[in-house]
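> Can you keep this structure in mind? I'll have questions shortly.
Coordinate-derived values only; no laboratory data. Just so we're clear, the structure is a prediction, and the values are computed from it rather than from any experiment. Positions of Cβ are generated from backbone atoms using ideal geometry, with glycine treated the same way; all protein chains shown enter the neighbour counts.
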Amino acid sequence: MSTAKFNRLLSDIRACTACSHDLPHDPRPVIRASAKARLCIVGQAPGTRVHASGKPFTDPSGDRLRDWMGVDEDTFYDESRIAIVPMGFCFPGLNEKGGDLPPRKECAPLWREKVFEHLGDVKLTLVIGQYAQAWHLGKQRRKTLTETVSAWQDYLPRHLPLPHPSWRNNAWIKKNPWFETDLLPELRKRVRLALK
């Protein structure tokens, strides 16, 4: 696939208004990608801060994710090395409890396969949260996020499932100490290898 064709696709995504009638704000699709990327991060959808900045993971969860990966901001935002392709490109709004709504259902069928056709050099995809795991792991995904993440070795070398790096998962991380002792060292090693 040509770079020009991929750039047109990214422009089309950034101009997308497919779900505008269901959003509580104007659409602002957020994606970072290059056909040269060696690692891909797949999360849920932008939150309020990312919607405001237009740049993914510009919040405390981004700080935590970079720490988990063992990379600095410059590396993290280098599109030629790391693609960031959420399940939904726009902030979906908030639920009654103040949490983010799920990614809009229109987004993935419209764009995902087209984007991943251009990401042929990706060596490792970090699959963050249940929506990303459902799409990318399919029938190999376990019944719960915890079961999926605890079976992380089964998805290597192409995928590595993770919980969301939000503060909301502090209790989950504390309850599952293997995540920090076993999975994170392997994550950092795999990230280094993918980015070589």
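> Between GLY120, GLY129, GLY99, where does the largest GNM mean-square fluctuation fall for the chain, given springs only between Cα atoms within less than 10 Å?
GLY99
> Can I ask one more? Net charge within 11 Å of ILE173 by Cβ-Cβ distance, Lys/Arg positive one each and Asp/Glu negative one each, not counting ILE173 itself?
Here the count lands on +3.
> Which of LYS174, LYS97 has the fewest other C-beta atoms within 10 Å, and how do the rest follow up to the most?
The most exposed by this proxy come first: LYS97, LYS174.
> Which of rounded, prolate, oblate describes the range 8-81, given a ≥ b ≥ c as roots of the alpha-carbon gyration tensor eigenvalues and a/c under 1.5 marking rounded, otherwise prolate only if a/b is larger than b/c? Could you put the intermediate results ahead of the total?
On the way: a/c = 2.72, a/b = 1.42, b/c = 1.92.
Note, shape of the range 8-81 comes out oblate.
> May I pose another question? Taking neighbour Cβ counts within 10 Å as the exposure measure, how do THR148, THR181 sort from fewest upward? Mind dumping the intermediate values first?
Details: THR148 23, THR181 9.
Listed from fewest to most nearby Cβ atoms, that is THR181, THR148.
> Also, quick follow-up: Counting pairs on different chains as well as pairs 8 or more places apart, how many Lys pairs in the chain have Cα atoms under 24 Å apart?
Number of lysine pairs found: 27.
> Reported to two decimal places, what Rg/Rh ratio describes the range 37-134 when computed on Cα atoms with Rh from the Kirkwood expression?
That ratio equals 0.95.
> Kindly identify the range 84-152 as rounded, prolate or oblate by the Cα gyration tensor criterion: order the square roots of the eigenvalues as a ≥ b ≥ c, call it rounded if a/c is under 1.5, otherwise compare a/b with b/c, prolate if a/b is larger, else oblate.
oblate
> While we're looking at this one, here's another question. What is the dipole size for the range 3-195, taken about its Cα centre, with +1 at each Lys and Arg Cβ and -1 at each Asp and Glu Cβ, in debye to the nearest 20?
The dipole magnitude comes to about 380 debye.
> State which helices in the chain qualify, where a helix is a whole DSSP H run, it must extend 15 Å or more along its own axis by its Cα atoms, and its mean Kyte-Doolittle hydropathy must be at least -0.5.
Helix filter hits for the chain: 3-14, 107-117, 184-195.
> Let me ask something additional. What percent do you get for the relative contact order of the chain when only Cα pairs under 8 Å and 6+ apart count?
26
> In terms of the Cα gyration tensor, with a ≥ b ≥ c the square roots of its eigenvalues, is the chain rounded because a/c is under 1.5, prolate because a/b exceeds b/c, or oblate?
It comes out oblate by the Cα gyration axes.
> Taking the dipole about the Cα centre of the chain, with the C-beta of Lys and Arg at +1 and of Asp and Glu at -1, give me whichever of PRO157, GLN130, ILE41 is farthest to the positive side.
My answer, from the dipole projection, is PRO157.
> Next question. At what distance in angstrom do the alpha carbon centres of the range 127-196 and the range 26-101 lie from each other?
A separation of 17 Å, based on Cα centres.
> For the chain, what does -39500 (n - 2.57) per DSSP helix run (n ≥ 4), summed and divided by total residues, give at 222 nm, in deg cm²/dmol to the nearest 500?
Mean residue ellipticity, 222 nm, calculated: -10500 deg cm²/dmol.
> So in the range 3-195, what percent of DSSP beta bridges are antiparallel if you round to the nearest 5?
Details: 2 of 13 bridges.
So the antiparallel bridges in the range 3-195 amount to around 15 percent.
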